[in-house]
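The values are calculated or read from the model by the stated rules, or taken from the named source; none is laboratory data. Predicted model, so just to flag it, every value in this text is computed and none were measured. In this analysis, Cβ positions are derived from the backbone assuming ideal geometry, glycine residues included, and neighbour counts consider all displayed protein chains.
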Amino acid sequence: MTQRYKTMIKTPTATIFFGNASHAVIPDVIRTTTLRPLACPLPVQQLFFQNQVHKNQGLAITEETRKNYTAHLVHDSDYLITHLPNIGIGVLTADCAPIALIDPRNTAIAMIHAGWRGSVGGIVLNALAHMNNLYGTQASDAIAYIGPCAHTCCYQIDQTFVNQLPGWAHAFVQNNRFDLVACNSTILRQAGIPAEQINLNTSTCTICNEKFLSYRRNSLNPARQPSIIWLN
Ligand SMILES: [Zn+2]
């Protein structure tokens, strides 16, 4: 487990906010009320979150679609992409991995909700393909940041879980634990993102670090930590 977790990551193109328990939001509540103030300079009206369903599809916030997506959590979506300035795209997690992608060449970004289901279902590849389609993103240019999520120190799984994994993903099971970070970093690398552009030191274990919300540690707590990315 790495301890080099930072809440705010500034790059020349975009800024990433990986929240923790102190930024907790309750997904069912932000549908009708405002988000709690976040350590993010954008007003809440410019932050986009959608209804996460642990699948592998997502939405693009473009000039054309922007007006349709102003309501939080209305559309089923597990990643958001955009090339618009002054828009924050986010996911809410507690053990699933938030993954941020930056394409500095085409000035485009993504925020992905990657639990094990979405991860083995190809959500990262879908987000990259969507960015390629709309913005011309090449994986070789993309920079990835994996945020706080369940790590192998704590992510214990059983045979029922293993049976649901596709064969190739069994490589990320060891000692009855699933390596969500290695699974996603391998997918990112195989998609064509150079290893040195995949940042893992922005991740830490949400289960054993009580600074974070963890579904595994407390499944009764409906609150989630927000992860948001926006173009500078
Ligand atoms: Zn742990």
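Observations
- Counting only residues that are hydroxyl-bearing (S, T, Y), touching a Ser or Thr at 6+ places or on another chain (Cβ under 9 Å) and closer than 30 Å to I157 by Cβ, segment 64-120 holds 1 of them.
- Within segment 136-151, considering residues that are in contact (Cβ under 8 Å) with a residue 60 or more places away in the chain and under 17 Å from C208 (Cα atoms), the one nearest to the ligand (Cβ to nearest atom): H151
- Residue pairs whose Cβ atoms lie under 8 Å apart, sitting 6 or more positions apart in sequence or on different chains, and linking a residue in segment 184-211 that is farther than 19 Å from S140 by Cβ to a partner that is within 16 Å of the ligand (Cβ to nearest atom) and acidic (D, E), are T206/D95; I207/D95.
- Just one of the listed residues (G121, G88) is crowded, with 21+ Cβ neighbours inside 10 Å and either in contact with a helix residue (DSSP H, G or I) (Cβ under 7 Å, 6 or more places away or on another chain) or on the phi < 0 side of the Ramachandran plot (or both), and it is G88.
- Positions within segment 152-171 being within 16 Å of the ligand (Cβ to nearest atom) and touching a Cys at 6+ places or on another chain (Cβ under 7 Å), in sequence order: C153, C154
- Qualifying positions in segment 4-47 - within 17 Å of T82 (Cβ to Cβ) and at pLDDT 90 or above: T11, T13, A14, T15, I16, F17
- Residues of segment 62-88 satisfying the condition of being modelled with pLDDT under 95 and assigned to a strand (DSSP E or B): D76, G88
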